[in-house]
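Since the structure comes first, as structure tokens, the remarks are kept for the end.
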Amino acid sequence: MREKLAELKRLLGEVSDLNAAAAVLYWDQVTQMPPQGASARGRQSATLSRLSHQLLTSPQVGRLLDELAPYGETLPHDCDEASLLRVARRDWDRATKVPSSFIAELSAHQSETYEVWSRAKEAADFPRVAEHLKRTVELSRRLAGFFPGFDHIVDPLIEEHDPGMTVATLRPLFAELRMGLAPLVERIAACDPADEACLHLGYPRAEQAAFCTFLQKRIGYDFSRGRREISPHPFTISFGVNDVRLTVRIREDDLGEALFAAIHETGHALYEMGVSPDLDGGLLAGGVSSGMHESQSRLWENIVGRSRPFWAFFYPRLQGAFPGQLDDVALETFYRAINAVRPSLIRTEADELTYNLHVMIRFDLECQLLEGSLSVLDLPDAWNARYEQDLGVTPPSDREGVLQDVHWFGGIVGGAFQGYTLGNVMAAQIHGAALAAHPNIEHDMEHGRCDTLLGWLGEHIYRHGRKFQPEELIRRATGAPLSVRPYMRYLATKYGELYNVGDLAVPGPSS
Ligand code: ZN
């Protein structure tokens, strides 16, 4: 059995190597590649993903998994080998269910749709891409159909990104969240808006980049195992625990842009860098789900990076980096500016509080599209109606409305949005558990020491990689099932104080 296990690990290691090589090509494409390189790069990337898929779904891997299954049963559930066998079986099952002819058809349609969408968005012309989107909905339904045994058409698509989550578990969670958020957002919308002028005073790029480096290092990002570049859409990418890179976007007229992208992406990177070296180069290296990954970026970006203890240390240093701009701006003014709440049209620019409303609108609409209860032609009206209802704003055109996100137009419909809100919900529960274990975390933060929190996250989340399903990881780390209560308590306390609407009902502990 030892030999068979070693053989399986070797094959899966090769799958990971091919995926990492494809990731390096992608990194290069986004940060370095000259524009004329696109068509050769497309071919090279397609070759690598085909080889990786072929190897993962090979009969050899299937046979080894069958032969090793009884042995896996005898191992302790949480050991690396048992976890590898569980996760490899799941990956193999999913990868072998979808015919490669379908993947080719879908991928050709996706590239074409992306091109049409780019022009349609530019022209704010939804009808131009409507036929393509109809076909995407059809293909997404067909993709879901390859995975029988689910209760809802969207479930297998959610399973791909957030394993263990279903429409039936997400709907009540989101409903509870919306019930808590709506009155909070409404009360705050009636308050005087926060003064955000100090973030828009003009900040030279080089100094912003230098401050981001300082900030990232203090949080725990190891530049000898990472690298930062500039890209229009910030992201993090891992080629192994010792090479985790990220990008930020810097705008001279908006200080928050680079600061919070740097902290957000550092959160993603710390997760990848914190995976146990024993798992490096294998199937279990990397984050377990979209939601869990997003929980780590949001925890650092929002719960830590928009908190008073964090800036108690960093703000005097930020003032030192930008004396002309911030000398006369008090910490409290800056703190209020970075936590300003304003119902808005664009998800990616939304504040911490209203962000989830954007996500839940998309989640509901994609469920309806796939269920067949909403037609693509009615989608823009449904979108606008929900924005009016949930956020009190109406897009002036489809560019600021239904066409704003790439997800439905460069991928499939279903499965990609719930992770953002799940991440916020998980982040609060995880942070609460860390605080309970180390009540000195915030005190340490005030002195610029992030290692107490980082150490706890490494021990309870990062090092496990993909070993446990998200729900199991949450339970192991926090001692409780996933709940929106810690998140609602966090938001109500923070924003109640900020906007002086402190008499809001704060939900009690989860029962
Ligand atoms: Zn993220």
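The values are calculated or read from the model by the stated rules, or taken from the named source; none is laboratory data. Bear in mind that the values here come from a model prediction, so they are computed numbers and not experimental data. Cβ sites come from the backbone with ideal geometry, for glycine too, and all protein chains shown count toward neighbours.
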query = Of all the residues that make up segment 165-193, how many are of a type in the set (A, V, I, L, M), out of contact with any Leu (no Cβ under 8 Å at 6 or more places or on another chain) and not in a helix (DSSP H, G or I)?
reply = 1
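Looking at the structure I just gave you, is Arg251 free of Cβ contacts under 8 Å to residues at least 12 places away in the same chain, closer than 23 Å to Ala340 by Cβ and of a type in the set (D, E, K, R)?
Numbers: free of Cβ contacts under 8 Å to residues at least 12 places away in the same chain: yes; closer than 23 Å to Ala340 by Cβ: yes; of a type in the set (D, E, K, R): yes.
So Arg251 passes the test.
Being touching a residue at least 60 places away in the same chain (Cβ under 8 Å) and of a type in the set (A, V, I, L, M) narrows it down to one of Ala437, Ala382, Ala433, Ala428, so name that one.
It is Ala428.
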request  = Inspect segment 232-247 for any residue being within 13 Å of the chain's Cα centre (by Cα), at pLDDT 95 or above and surrounded by fewer than 19 Cβ atoms within 10 Å (Cβ to Cβ) and give the result as yes or no.
outcome  = yes
task = Could you figure out which of (1) in contact (Cβ under 8 Å) with a residue 12 or more places away in the chain; (2) within 23 Å of Leu403 (Cα to Cα); (3) not polar (S, T, N, Q) isn't true of Glu138?
result = (1)
query = Is it true that some residue in segment 395-406 is in contact (Cβ under 8 Å) with a residue 24 or more places away in the chain, assigned to a helix (DSSP H, G or I) and not hydrophobic (A, V, I, L, M, F, W, C)?
reply = no
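Please find, among Arg449, Arg399, the residue that is more than 16 Å from the ligand (Cβ to nearest atom), more than 30 Å from Trp311 (Cβ to Cβ) and not β-branched (Val, Ile, Thr). Step through it out loud before you land on a result.
On the way: Arg449 fails: more than 30 Å from Trp311 (Cβ to Cβ).
Criteria check complete, one pass: Arg399.
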inquiry  = Looking at segment 67-80, I want the residues that are closer than 17 Å to Glu7 by Cβ and have a partner that is modelled with pLDDT under 95 and in a loop (DSSP other than H, G, I, E, B) with Cβ atoms under 8 Å, at least 6 apart or on another chain. Which pairs are those?
reply    = Leu68/Met1; Tyr71/Met1
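Can you tell me which residues in segment 50-65 are among the polar types (S, T, N, Q) and surrounded by fewer than 15 Cβ atoms within 10 Å (Cβ to Cβ)?
Residues of segment 50-65 that are among the polar types (S, T, N, Q), as a first pass: 52, 54, 57-58, 60.
Within segment 50-65, Gln54, Gln60 meet the criteria.
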message = Looking at segment 99-120, can you tell me whether even one residue there is outside any helix (DSSP H, G or I), exposed (fewer than 14 other Cβ atoms within 10 Å of the Cβ) and not polar (S, T, N, Q)?
response = yes
key: Test: residue in segment 332-355 that is of a type in the set (S, T, N, Q), within 22 Å of the chain's Cα centre (by Cα) and closer than 26 Å to Glu159 by Cβ   = yes
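Has segment 382-389 got at least one residue that is more than 16 Å from the ligand (Cβ to nearest atom), closer than 23 Å to Leu139 by Cβ and touching a helix residue (DSSP H, G or I) at 6+ places or on another chain (Cβ under 8 Å)?
Filtering segment 382-389 down to residues more than 16 Å from the ligand (Cβ to nearest atom) leaves 382-389.
Checking which are closer than 23 Å to Leu139 by Cβ leaves us with 382-383.
Next, from what is left, pick out any that are touching a helix residue (DSSP H, G or I) at 6+ places or on another chain (Cβ under 8 Å): 382-383.
Checking segment 382-389: at least one residue is more than 16 Å from the ligand (Cβ to nearest atom), closer than 23 Å to Leu139 by Cβ and touching a helix residue (DSSP H, G or I) at 6+ places or on another chain (Cβ under 8 Å).
Taking segment 371-392, which residues are at pLDDT below 95 and assigned to a loop (DSSP other than H, G, I, E, B)?
Looking only at segment 371-392, we keep the residues that are at pLDDT below 95, and these are 389-392.
Selection gives Gly392 alone.
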ask   = Out of Val30, Val15, which single residue is part of a helix (DSSP H, G or I) and modelled with pLDDT of 90 or more?
value = Val15
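Could you list, in sequence order, the residues of segment 240-262 that are over 24 Å from Phe322 (Cα atoms), β-branched (Val, Ile, Thr) and away from the ligand (no atom under 16 Å from the Cβ)? I'd like the intermediate steps shown before the answer.
First, pick out the residues of segment 240-262 that are over 24 Å from Phe322 (Cα atoms): 240-246.
Filter once more, keeping what is β-branched (Val, Ile, Thr): 241, 244.
Passing the criteria: only Val241.
Could you please let me know if Arg171 is of a type outside the set (Gly, Ala, Ser), modelled with pLDDT of 95 or more and within 16 Å of the ligand (Cβ to nearest atom)?
Numbers: of a type outside the set (Gly, Ala, Ser): yes; modelled with pLDDT of 95 or more: yes; within 16 Å of the ligand (Cβ to nearest atom): no.
In short, no.
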ask   = Which residues, taken from segment 13-32, are in contact with a Leu (Cβ under 9 Å, 6 or more places away or on another chain) and of a type in the set (A, V, I, L, M)?
value = Val15, Leu18, Ala21, Ala22, Leu25
key: Long-range neighbours under 9 Å by Cβ, at least six apart or interchain, first residue in the same structural domain as Leu18 (by TED's automatic domain parsing) within segment 272-294, second in a loop (DSSP other than H, G, I, E, B) and basic (Lys, Arg)   = none
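Go through segment 183-239 and give me each residue that's out of contact with any strand residue (DSSP E or B) (no Cβ under 7 Å at 6 or more places or on another chain), within 16 Å of the ligand (Cβ to nearest atom) and touching a residue at least 40 places away in the same chain (Cβ under 8 Å). Break it down stepwise before answering.
Start the filter on segment 183-239 by keeping residues that are out of contact with any strand residue (DSSP E or B) (no Cβ under 7 Å at 6 or more places or on another chain), which leaves 183-198, 201-211, 213-224, 232-233, 239.
Right, trim to within 16 Å of the ligand (Cβ to nearest atom) and you get 216, 219, 221, 232-233.
Within segment 183-239, Gln216, Ile219, Tyr221 qualify.
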query = Looking at Ser45, Ser83, which is the one that is modelled with pLDDT of 95 or more, in a helix (DSSP H, G or I) and surrounded by 15 or more Cβ atoms within 10 Å (Cβ to Cβ)?
reply = Ser83
